[in-house]
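Take a look at the structure below.
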Amino acid sequence: MTTGTVTAPEQADTVGSDSGAGTGIRAVIGRWLMALRRRWTASLQLRTVAITAVLTLVAAGVLALFLSQQITSGLFQSRFDQVEAESNRGLNQARSIFDNAVTNDSESTDLLVTNTLNQLAGDTGATVVRDMLLVPLEEAQNLFVGPKSSSGLSTEVIPEELSQAVQEDNGTYWQSISLPAEDGGTSPGLAFGTQVTLPPGNIYALYMVYDLSGVQDTLDYLMRVLVVAGAMLVMMNSLIAVYVTRSVVRPVGQAASAAESLSSGDLTVRMPVHGEDEMARLGSSFNRMADNIQDQITQLAELSQMQQRFVSDVSHELRTPLTTVRMAAEVLYDSREEFDAINRRSTELLYHQVERFQALLADLLEITRFDAGAATMAPEETDILHLATDVVLTAQPLAHKANTAVFVVPMDMEVTADVDPRRIERIIRNLVNNAIEHGEGRPVDVIVGAGEDTVAVVVRDHGIGMSEEQASRVFDRFWRADPARARTTGGSGLGLSIATEDTRLHNGRLDAWGAPGDGSAFRLTIPRRSGGTVGDGAPLDLPPVYTESQRRLPLELENPEPAQLQGEAMPDRIHEQSLYQPRPNTTQPEVES
């Protein structure tokens, strides 16, 4: 045999492998427990069957315990009454024989004792096998008979308590004992004892020992029967529970599957109906509900298509006459200085209202393109920071008129993404114009940041703000936080809806936050790569966290074009939703910070 020692590295490898094996086992057990927990919470049938089996098992165990106690007590008492009567009769008979004995030597006395013990032990009227045991109570020189047993039974089976009681009194006493069994174990028994006197006047203890192994076998058999009956009861109740729950849960599961199919858009799914019971009525009611839902959705879809066609047709039909009216209004507006005060004011009102009408018509045409699914993307790699700065430059006339400073806050200088630049510009332009409009003359900040897979633009104002309910409805069509609709720019109420559709084309997300008196913030989050998605997170918080020292004027980030434009700085609501914005030919007016 070759012996050796394990070096430290080998010991470390052994410990590491044991630790790895233990970790693997724990991981497998953990996965198994998680799968079992998911199965438990997801299956009503499993819970019902398991609970039924456990309750049946508990009930069967309680019943078996009660029955075993009752049977054991009754059977023992019955056997005890029988063996007590037999032992009293046998012990009295032996006492009478020994008291009337006329033997005067040990040989005859021993013969008398042997015959008497064998006779009593072999009594055919005994209901339980019994043995006789004779034990002298006093150590004397003239004992004719020593300890004697009818079947070689040892005196050690007699308990000390019983032996002491028989020795102290001449009554009859009993006690439960354990007898040695043939297989090396023990079996239950009963011992009855009393005092007897043998020639020449010596006192002995005479015991009748009953072997109750047959009674124990009977009890063991009954217990096995009870266990088998309990197991069969548990299995039978479990099978019944499986059948009952399956007959109940299966239609419910079918209803759940059908409801999921309905929610996913399959309006043709129906439940099978069999019979006239409660489950059949459930299926019939569900099918009627599905029919009604299908009819209503079909009607709503037809109405929606009619509405979209109507809006589209009306919008297109109005373009030509509205263009004519606008041309006439522009002619009148350009000649307004030649009119008197009343006609000049009327001309100005006509011009501006025609302008707002044309803006509304342009928005309606754009939203009908989204509804018809005709909107498409033309993605290209775009510098989002440059794009946002360009939008801020374009919005300077409106900001100057509102006495609002608009800043760019670049959190990252390299912010590029594969997007449709015209649509992203339209989104940011909508957000910036709305921030200027509702900013109450306070600064507006455009924060630009980027993450590993996403970019974000946040437009933050410090104006009137909005409540949580208003923030949840701000993207609805034709909804405005100001019911009077008396804002200076007077948009159509479709700007944020169009921005939402543009964001959806990019697989992005548009979020809103606001607090009354503390302003509001809108965050645009889009993926860097075309076709990507955005998760729950974003590169910028909402509301964003930044300092005033991070603010930059747009002139610091981009060189404006040298052209100039004199005249009134009015927001161009006509082209606000246009994908192709005319470049402003204005020098940048100074804005007070």
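Right, Ile436: within 13 Å of Val391 (Cβ to Cβ) and either surrounded by 24 or more Cβ atoms within 10 Å (Cβ to Cβ) or at pLDDT below 90 (or both) or not? Taking the combined requirement at face value, the residue satisfies it.
Take Ser151 and decide whether it is small (Gly, Ala, Ser), modelled with pLDDT of 75 or more and within 14 Å of Tyr210 (Cα to Cα). For Ser151, the condition - small (Gly, Ala, Ser), modelled with pLDDT of 75 or more and within 14 Å of Tyr210 (Cα to Cα) - is met.
The residue of the stretch 78-87 that is most open to solvent (accessible area, probe 1.4 Å), among those that are at pLDDT below 85 and among the hydrophobic types (A, V, I, L, M, F, W, C), is Phe80.
Of note, Val314 satisfies the criterion of being open to solvent by 40 Å² or more (accessible area, probe 1.4 Å), β-branched (Val, Ile, Thr), without any contact (Cβ under 8 Å) to a residue 60 or more places away in the chain and in contact with a Leu (Cβ under 9 Å, 6 or more places away or on another chain). Close contacts from the stretch 213-232, counting a first residue that is of a type outside the set (A, V, I, L, M) and a second that is open to solvent by 70 Å² or more (accessible area, probe 1.4 Å) and not in a helix (DSSP H, G or I), with Cβ to Cβ under 9 Å and a gap of 6+ residues or different chains, come to Ser213/Val129; Gly214/Val129.
For the stretch 538-561, check the following and say yes or no: at least one residue is in a strand (DSSP E or B), open to solvent by 50 Å² or more (accessible area, probe 1.4 Å) and in contact with a strand residue (DSSP E or B) (Cβ under 6 Å, 6 or more places away or on another chain). Checked against the condition, which is being in a strand (DSSP E or B), open to solvent by 50 Å² or more (accessible area, probe 1.4 Å) and in contact with a strand residue (DSSP E or B) (Cβ under 6 Å, 6 or more places away or on another chain), the stretch 538-561 yields at least one hit.
Looking at Arg345, is it surrounded by 11 or more Cβ atoms within 10 Å (Cβ to Cβ), basic (Lys, Arg) and modelled with pLDDT under 85? No. Mind listing just one residue for me: the one in the stretch 88-122 that is part of a loop (DSSP other than H, G, I, E, B) and of a type in the set (A, V, I, L, M, F, W, C) and, of those, least open to solvent (accessible area, probe 1.4 Å)? By that ranking, first place goes to Ala101. Filtering the stretch 321-355 to residues that are in contact with a helix residue (DSSP H, G or I) (Cβ under 8 Å, 6 or more places away or on another chain) and of a type in the set (Lys, Arg) leaves Arg326, Arg336, Arg344.
Pairing each residue of the stretch 95-108 that is under 25 Å from Met208 (Cβ atoms) and touching a residue at least 12 places away in the same chain (Cβ under 8 Å) with any residue that is open to solvent by less than 60 Å² (accessible area, probe 1.4 Å) and in a loop (DSSP other than H, G, I, E, B), provided the two are 6+ apart or on different chains, yields C-beta distances under 6 Å for Ala101/Pro199; Thr103/Pro199; Ser106/Phe144. Among the residues of the stretch 376-397, some residue qualifies, meaning at least one is farther than 17 Å from Val444 by Cα and part of a helix (DSSP H, G or I). Looking only at the stretch 414-467, count every residue that is among the basic types (Lys, Arg) and in contact with a strand residue (DSSP E or B) (Cβ under 6 Å, 6 or more places away or on another chain) and tell me the total. Residues meeting the conditions: 1. Go through the residues of the stretch 503-523 one by one and say whether even a single one is of a type in the set (Lys, Arg), modelled with pLDDT under 90 and more than 33 Å from the chain's Cα centre (by Cα). Checking the stretch 503-523: not a single residue is of a type in the set (Lys, Arg), modelled with pLDDT under 90 and more than 33 Å from the chain's Cα centre (by Cα).
Scanning the stretch 141-172 for residues that are under 11 Å from Tyr204 (Cβ atoms), of a type outside the set (Lys, Arg) and touching a residue at least 24 places away in the same chain (Cβ under 8 Å) gives Leu143, Phe144, Val145, Val166, Gln167.
The values are calculated or read from the model by the stated rules, or taken from the named source; none is laboratory data. Please read these numbers as outputs of a predicted model, since none were measured by experiment. When we count neighbours, we look across all protein chains shown, and the Cβ atoms used for this are built from the backbone with ideal geometry, even at glycine. With ligands, DNA and RNA removed, areas are computed over all heavy atoms of the protein, side chains included. Shrake-Rupley method; radii C 1.70, N 1.55, O 1.52, S 1.80 Å.
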